[in-house]
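Student: Mind having a look at this structure? Questions to follow.
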Amino acid sequence: MEQPTESFDVIVVAAVAGKDFEKPVIHSLELGTQLEYMANNVERATVVGRSKSSYDIVYHLLSAGKKVDWVTRDGVSGPFSLYAPTFLGLWNMADHVSTRFAPNFSPCIMNTSGFCYDFFQRSLVGRMFANLYWRTANYLSVSHAQFWRTTDMVIYCTGFEKGYSTFDPDLREELGLEYDVTMFSKWTMLDEKAENIVNEALFAEPPRTVWGVRSVLFPGHIHSVFTPLAAELQALWGVTWMLGWRDVPPKEEMELEATTFNAWTRKRYLEQGTKYSYFIYNYIPYIDTLMKDLALNPFRKSNIFEEWFVRYKPHDHRTVLDEYRALRRKQGSVENRGAKPPAAGAQHGNGHVKSLVEKSQAESSIQASGRNGGLEKTA
């Protein structure tokens with residue numbers, strides 16, 4: 001079976017090992033071509049980097065009985081999402097962070113109300129519990145660093161820089177994907193304003209999408225532990241926008257929302273939060289936000305105990321598409337009877353969809369871009 005080919009603008013490789021080092025030095029992208037060599041000639045390998053690929057390669061080497069020296073940059077964030085396999089022996093860690101209960105121990109800009117938030121984030125006793133929780137979590141993921149003497153191979157897991165080469169330069173500029181140095185002062189002011197908003201603990205709606213013609217959508221741009229569900233809801237949210245069933249705030253408001261989210265994630269996730277739209281342990285409130293935007297019920301469990309302490313799984317949302325279709329049929333029926341107008345900006349009917357498609361095809365260039373459930377600063 002022919003494998004699909006990925007293309008990247010740049011492969012990021014750190015400085016090569018010492019000048020007298022004659023063993024293989026490869027990037028993680030080349031691992032597949034070196035498997036036979038590794039099996040027969042490598043007893044000890046050095047893995048450089050802390051990206052997702054480094055975890056995969058370290059696991060592969062250890063599973064093959066190799067010794068591994070894992071080298072990461074010294075800093076406050078450490079390797080990417082390093083945690084114990086279980087929490088107190090009660091939950092698999094992935095199951096634990098997929099409960100509605102777990103995210104309440106850290107403040108999240110998408111969840112700033114309710115009893116649990118007030119207790120764990122605003123009361124003295126609750127803050128004591130939250131501090132104990134994080135002390136326990138940190139204790140369970142203690143790591144020990146060492147220097148190595150010899151190695152049979154160096155593998156750089158230093159990532160890729162995947163740009164927007166799919167779009168020509170003019171279109172990248174039109175879509176806002178190119179960095180404009182003249183915009184630096186504007187975003188600096190917005191960042192300062194957003195910092196003040198987060199520091200004052202004011203609620204902010206999650207960033208939404210962009211303005212203009214609804215013909216391009218950029219899903220993703222988030223880091224969470226529930227990628228399949230997030231992708232499905234982002235796609236459904238995006239389709240409702242592209243079909244004209246929802247409107248978005250003015251550009252200025254969305255820019256402020258984007259910087260406000262960025263200010264929060266920088267404080268919550270430190271170094272990782274400066275690089276990505278990152279909420280790997282706070283994705284439940286994000287899923288709730290998308291569900292509420294779609295006018296769907298985010299609470300999917302059968303009782304209160306399960307709602308708070310049992311892991312959310314993909315099958316809990318298996319009926320989302322059917323629910324939304326039923327909602328659209330109901331809204332269309334209400335509109336046809338003239339009993340109640342739809343929400344502001346909503347438009348219905350196959351004729352409208354057809355006209356949108358025809359208009360999109362007739363456009364000589366795309367004039368706007370959007371993302372599912374969030375706007376990301378491209379500078």
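Student: Pop the C-beta distance of N199 and R44 into the FRET formula with R0 = 51 Å and round what comes out to the nearest 0.05.
Tutor: Step by step, r from the Cβ atoms, then E = 0.60.
Student: Separate question: What's the exposure ranking of W264, W134, going from fewest to most Cβ atoms within 10 Å?
Tutor: W134, W264
Student: Compare the peptides 105-112, 27-34 by average per-residue count of other Cβ atoms within 10 angstrom and give them in order, highest first.
Tutor: Those peptides, ordered most packed to least, come out 105-112, 27-34.
Student: If you rank Y156, Y312, Y324, Y59 by fewest surrounding Cβ atoms within 10 Å, what's the result?
Tutor: Working: Y156 27, Y312 21, Y324 18, Y59 11.
So the residues, fewest neighbours to most, are Y59, Y324, Y312, Y156.
Where a number appears in this text, it was derived from the coordinates with a stated rule and is not lab data. The model shown is predicted, which means the values in this text are computed figures rather than measured ones. Quick reminder, even Gly has a Cβ in these numbers, built from the backbone with ideal geometry, and neighbours come from all protein chains shown.
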